[in-house]
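We did not get these values from a lab; they are worked out from the coordinates using the rules stated. What you are looking at is a predicted structure, and each value in this text was computed from that prediction instead of being measured. Cβ placement follows ideal geometry from the backbone for every residue including glycine, while neighbour counts extend to all protein chains displayed.
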Amino acid sequence: MKITPSTLVRVLDSLYDSAVSGIPGTGSAAEIAASYLKQEGTLRDRSNQLIRWQNTKTASSGFITGIGGFITLPVAIPANLVSVLYIQVRMIAAIAIMGGHNIRDDRVRTLVYACLAGNAAKDILQEAGIKLGSMLTAKLTGMITEKTITAINQKTGILLLSKTGSRSIINLSKAVPLAGGIVGGAFDAAFTNMIGNVARDLFIPKPLAAKRIPETGK
């Protein structure tokens, strides 16, 4: 079964919607963000704690095989890959919330997808006029047009699929930058960390992260 960049974006859309609404027993992106906003330290400290948790958390076999039952995807994808992508997307979305961004905004959704490209996200976003490490203001986000959204989504999809030079759904797990995804039920820490750092630098740049915010949990 073949998969194209457009189909991959549809897959990410399904996972993203589930991350926003939450899957029973796992918690939504907003709930995860709220729990870390209650912790001590700067926003950057808190986002780093979230990333470290994602690096070390063990996904049980029940969780891995069970996710597919809650998410309707446009193509058949192995359960372990679904769980990896879901938790990656949810982590990035939670970081976006911590940075004060509205994850129900399609423009923010697209930026979340771009983060899945890891370090390559820098080039994808730069073409859209967004520089990692700079303040991502509401005004700058508002300048992202539908045409730009489509372009970023397509480039992200193409990049993920081009990792193997194949668009076979069987090889999709090798196409995403997760270096093997789940091994023995645990995330590949190095690549999860890389993706988390990209998301942090995009949604919580240093000037903002240096400020301490009230312990409201918002």
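With a threshold of 27 Å on the Cα-Cα distance, the over-threshold entries among LYS38/LYS147; LYS147/LYS206; LYS122/LYS147 are LYS38/LYS147; LYS147/LYS206. Peptide packing for 32-41, 88-97 was compared via the average number of neighbouring C-beta atoms within 10 Å per residue; ordered from the highest value, the list is 88-97, 32-41.
The length gained on full extension between ASN193 and LYS139, counted as 0.36 nm times the residue separation minus their Cα-Cα distance, comes to 16.6 nm.
The slack between ARG52 and ASP106, meaning 0.36 nm per residue of separation minus the straight C-alpha distance, is 16.7 nm.
Ranked by the mean number of other Cβ atoms within 10 Å of their residues, highest first, the peptides 44-54, 128-138, 15-25 come out as 44-54, 15-25, 128-138.
So if R0 is 45 Å, what FRET efficiency would SER35 and ILE158 give, r being the distance between their Cβ atoms, rounded to the nearest 0.05? The pair SER35/ILE158 has a calculated efficiency of 0.80.
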